[in-house]
1. Once you average over the residues of A:290-297, how many Cβ atoms of partner chains fall within 10 Å of each Cβ?
2. Whole percent per 5 Å bin, from 0 to the bin with the longest distance: what is P(r) over all C-alpha pairs of the stretch A:144-213?
3. Please report the projected area of the stretch B:107-314's Cα convex hull averaged over all directions, in nm².
4. If R₀ is 25 angstrom, what is the calculated FRET efficiency for the pair residue B:88 and residue A:128, using the beta carbon separation as r and rounding to 0.05?
5. I'd like the distance between the alpha-carbon centres of the stretch B:140-158 and the stretch A:142-190, rounded to an integer number of Å.
6. Of all the Cα-Cα pairs you can form in the stretch A:195-275, what percent are over 22 Å apart?
7. As a footprinting exposure proxy, order B:302, A:256 by other Cβ within 10 Å, with the fewest listed first.
8. Plugging the Kirkwood radius over Cα pairs into Stokes-Einstein for the protein assembly as shown, at a temperature of 25 °C and a viscosity of 0.890 mPa s, what D comes out in µm²/s?
């Protein structure tokens, strides 16, 4: 408790004091410098702390991980092993399964969140209590994946057949005479992974809905009116006018979901830790790290980075294109 | 006429809606009257609008249901929860009790972890905001060599997933003597929050009219005064949404705390500890999860507007 009090003091007094002190001190230094130099010095003082954090805790470690991925597991004196860690990754059963599962995550999570989000965004426009519906669907995104995991643990709870089911889903299917399913401990490939994906669909549909809904509202109503006057039905209008206009937005939302599914970790770690055929890349990385095999763990991290880079680059381009329109 | 208006259940159009003004057309032009929709079409419209309503209500209830279940379960004793489902409490409300919450208050592991979460989330947010704003202003309005290189670097760094930095950062923190402690978790969150903060705020600052900056400078205001009195008030919406986004990001984080914060674990870590594949401590994780959700939910309902914006902006992270 004492160390917490000390930390609290550091936080409440220390952080602001250091920040104010830094700004005050550097501004003093700048005024002491000859005017010609002031313009050159100040920007680096202002950028300094940010660049320091980035350099020490982000750039240097990233380079370190890339180098480490070509070295052996030995912690003290790692040896160069060339591509051995990558070879392990692409030939080892657990890793191949992780890749397969991540592919499953990518397709299912993206299709369901974007699809559902689109349908809800278009339909919610026609409902009076729109704001309420939106809030409820959006809420899960605000909570942690650990909390979401706990919530759904109660949904998926499983007891052997014959015992009273305490899980909501198993009780529901039991009511219509179906045998209970061990959703999170299923021996059938895919079932448990789908159960985990469903949780993330529950969390992220609201995100897709909100962004798509903003785009739907941005469509010029005259355009839709013109199409109606030309005798187009609602479905035709959606397919030929609304949908194409939503293209760029759907692209941004989809890429965000692709990145989310590639990074998936918390839910898997909390509920199954990769057991029952639910392994994913991010969880595998932490596992190798906990085995102290830093060479392999680094290789897994680099694979993740390489998978994310193209998607992220595309996303940034889209984002900048949108910024320039705004 | 939209399909919605033709449906009898829809509210009447507002009184102030402009009446359509008939346009004068040259004599001899065929008068075009919008054909009255057929009975079938109107029926489809009514059903369609009704179906949309039912669909949204069903989806909304379905979305609320899991959380409701947990809320009810958190108010039942462990014995009740392992004997029957939470819904039995709906017909037998006498089961409900606040015992779990009382026990939670006495559980130092949990209360301590909540406190840790605050100690991690608040400084991480403050540092990202202040350092991000300072750097972003320099990139937007101070002229210097290497400006574009720094900005491109910041944008490029938004790509890096946290996993890539974990192993070497453990060595860095060990060397600094903070491995496993709160400062390490904060430093890591700040480093990974900054690229996006700089990217977002720099773009926002650029929206400031150049005349305003120049006028302030001509009045003899120091650069820091321009930053504080002109740029910061202007960027208020972006700062608000960034603060919210960063705070929730850290509040909800598990991975970074898992690797760097094991001596002072935040709430996500503490709940995860109690979660096991089969027999979990239901009486701890159910109220614990709800308490951990309270802060994000309060923020969500208080700052809904910022929240939506932060999600739109944060689509990148």
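Quick note: the coordinates plus some simple rules give every number you see, no bench work behind them. These numbers come from a predicted model, not from an experiment. Please note: Cβ atoms are built from the backbone with ideal geometry, for glycine as well, and neighbour counts cover all protein chains shown.
1. Across the residues of A:290-297, the mean count of other-chain Cβ atoms within 10 Å is 1.
2. Answer for the stretch A:144-213: a P(r) of 3, 16, 22, 21, 17, 10, 6, 3, 1, 0 percent.
3. On the way: hull surface 55.8 nm².
Dividing the Cα hull surface by four gives the mean projection, 13.9 nm².
4. On the way: r = 34 Å, r/R0 = 1.37.
With R0 = 25 Å, the Cβ-Cβ based efficiency is 0.15.
5. Taking the Cα centre of the stretch A:142-190 as reference, the centre of the stretch B:140-158 is 50 Å away.
6. Tail fraction, whole percent: 43.
7. The most exposed by this proxy come first: B:302, A:256.
8. Stokes-Einstein gives a translational diffusion coefficient of 90 µm²/s.
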